[in-house]
Amino acid sequence: MKILIVSQYFWPENFRINDLTQELVQRGHDVTVLTGVPNYPVGKVFDAFKKDRAAFDEYAGARVFRVPMLARGSGSLRLLANYLSFVMGACLFAPWYLRGKKFDVIFTYEPSPATVGLPAVMMGYLKRAPVVFWALDLWPETLVAVGAVRSARVLSVVGRMIAFIYNRCALVLGQSRGFLRSIAKYCDDNDKIRYFPSWAEDVFVQNDLRPAPEVQVKEGVFNVLFAGNVGEAQDFPSVLEAAESLKHNPAIRWLVVGDGRMTEWLRSEVAQRGLAHCFLLLGRFDVERMPSFYAHADALLVSLKRDPVFSLTIPGKVQSYLMAGIPLLGMLDGEGAAVIREANAGLVCASGDGKGLARSVLELASMSKDARNELGNNGRVYAQKEFSRELLINKLESWFIGLTNENKQN
């Protein structure tokens with residue numbers, strides 16, 4: 001098949017779409033990627049890209065076309081400009097970049113913003129190809145949850161945009177079962193809505209890893225590791241509440257491997273609260289390096305703000321955490337919490353419950369190593385059953401083939 005992937009984010013940015021692209025190429029498909037300029041999460045265009053743009057025109061055998069756009073920068077207005085500039089750049093330049101190319105299916109990757117669906121739908125119309133939209137974030141609900149939009153009029157406009165996108169897609173995939181009901185509010189044909197969760201990348205199924213040298217090894221210390229985006233949704237104020245309540249316990253250490261819009265705020269708060277001795281901000285690393293940081297972890301932390309829309313979400317890191325075979329500490333509600341409990345892979349407290357998180361840390365730290373290993377093994381078994389990379393990508397590929405055959409018959 002000839003597959004066009006439309007994603008605002010792509011390699012060298014760390015997103016699961018990179019893994020999918022590589023796998024589809026390895027399966028013999030002709031894959032083209034339409035994306036933007038790498039600048040996530042720091043908000044500045046990557047130096048390596050600025051020095052040699054041509055070096056980023058191909059990834060794992062896929063041709064990559066990058067449209068002009070503004071970097072995220074800082075502040076809400078700049079973020080909005082970033083979102084809109086990708087849409088404009090893609091709509092203006094994609095028809096020219098992709099002239100003469102035919103595609104069997106167009107796959108849209110949407111961790112946010114949902115506006116990525118606009119150029120995908122446009123290309124679907126121009127290329128007469130079915131569009132598959134993978135919703136990893138719910139709009140307009142998320143805009144309300146993070147306080148980005150409060151105007152009812154603006155939210156109504158966003159809702160109409162979402163309906164416009166969904167109703168012009170052949171399939172709309174939701175990353176959790178809880179997403180499906182919300183998607184159905186904007187999609188006239190519920191038969192084209194499917195449950196499609198994120199998978200656990202194979203890179204996390206490793207044993208006997210060499211621990212990352214960036215982390216000092218301390219005997220007798222229980223390491224709680226958070227990996228991924230440091231943003232508004234991850235509720236770091238509550239994480240800091242837990243860390244502050246345990247800061248006089250020398251056996252507890254917090255490790256943050258990642259970056260995002262809240263990083264500087266977090267760095268400032270760690271200093272002001274006197275947590276520098278137990279709260280390490282290690283920065284962002286490529287996904288291939290992440291298992292070496294996991295090798296230091298006694299527990300892996302996943303957190304989300306308290307909000308109805310977040311309770312419908314399974315954070316992508318949950319699958320990777322489970323596959324790593326390390327106990328989880330969850331401070332979240334709904335779907336994500338249910339997965340951890342169903343897998344019997346760790347301890348969970350409610351979203352926003354910093355004191356509850358602190359109690360969970362102490363409870364997990366007090367367990368024997370064998371008991372913690374059992375929780376970790378439970379998580380890996382569950383991930384292999386529910387979030388197998390091969391099984392999920394097989395399913396996606398079968399949907400692509402079905403749509404391609406149907407489109408050829410019409």
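Assuming charge only on the beta carbon of Lys and Arg (+1) and of Asp and Glu (-1), the dipole of the chain about its Cα centre is about 1080 debye to the nearest 20. Once the Cα atoms are used to define both axes, helix 263-272 deviates from the longest principal axis of the chain by about 10 degrees. Using the Cβ of R284 as centre and a radius below 12 Å, the other residues enclosed give a net charge of -3, where K and R count +1 and D and E count -1. Using a cut-off of 31 Å between Cα atoms, the listed pairs K127/K185; K50/K101; K185/K355; K218/K355; K317/K369 include K185/K355 as exceeding that distance.
DSSP beta bridges confined to the chain are antiparallel in about 5 percent of cases.
For segment 1-85, a Kirkwood radius taken over Cα pairs fed into Stokes-Einstein (25 °C, viscosity 0.890 mPa s) yields D = 184 µm²/s. Along its principal axes, segment 155-281 has C-alpha extents of 57, 38, 20 angstrom, given from the largest down. Taking the dipole about the Cα centre of the chain, with the C-beta of Lys and Arg at +1 and of Asp and Glu at -1, give me whichever of G325, S7, P237 is farthest to the positive side. Highest projection toward the positive end goes to S7.
The heavy atoms of V144 present about 80 square angstrom of accessible area, all protein chains included, probe 1.4 Å. Divide the volume of the convex hull around the Cα atoms of segment 75-143 by the residue count and you get 80 Å³ per residue. The rule of thumb for compact globular proteins, 2.2 N^0.38 Å, goes into the C-alpha radius of gyration of segment 251-410 1.22 times. Using the Karplus relation 6.51 cos²θ - 1.76 cosθ + 1.60 with θ = phi - 60°, the per-residue 3J(HN,Hα) values for segment 45-54 come to 4, 4, 4, 4, 5, 5, 6, 8, 4, 4 Hz, with x marking Gly and Pro. The separation of segment 348-381 from segment 1-68, counted between C-alpha centres, amounts to 37 Å. Whole-Hz Karplus values for segment 115-125 come out as 4, 4, x, 5, x, 5, 5, 4, 5, x, 5 Hz, taken residue by residue from phi with 6.51 cos²θ - 1.76 cosθ + 1.60 and θ = phi - 60°; glycine and proline positions read x. Largest first, the extents of the alpha carbon coordinates of the chain on the three principal axes equal 65, 43, 42 Å. When S268, S198 are compared by accessible surface with a 1.4 Å probe, the order from highest to lowest is S268, S198. For V348, nonlocal amide neighbours, meaning residues 5 or more places apart or on other chains whose placed amide H falls under 5 Å from its own, are G330.
E406 exposes around 100 Å² of accessible area when a 1.4 Å probe is run over every protein chain in place. P(r) tail for segment 37-131: Cα pairs beyond 16 Å make up 61% of the total.
Computed on the Cα atoms alone, the convex hull of segment 250-289 gives a volume of 66 cubic angstrom per residue. Computed with a 1.4 Å probe over protein heavy atoms only, the accessible surface of the chain comes to 43 Å² per residue. Here the accessible area is traced with a 1.4 Å probe on the protein chains. For the chain, carbon and sulfur cover 51 percent of it.
The values are calculated or read from the model by the stated rules, or taken from the named source; none is laboratory data. Predicted model, so just to flag it, every value in this text is computed and none were measured. Virtual Cβ from ideal backbone geometry, glycine too; neighbours counted across all protein chains shown. In case anyone asks, the SASA skips ligands and DNA or RNA and just uses the protein heavy atoms, side chains included. Shrake-Rupley method; radii C 1.70, N 1.55, O 1.52, S 1.80 Å.
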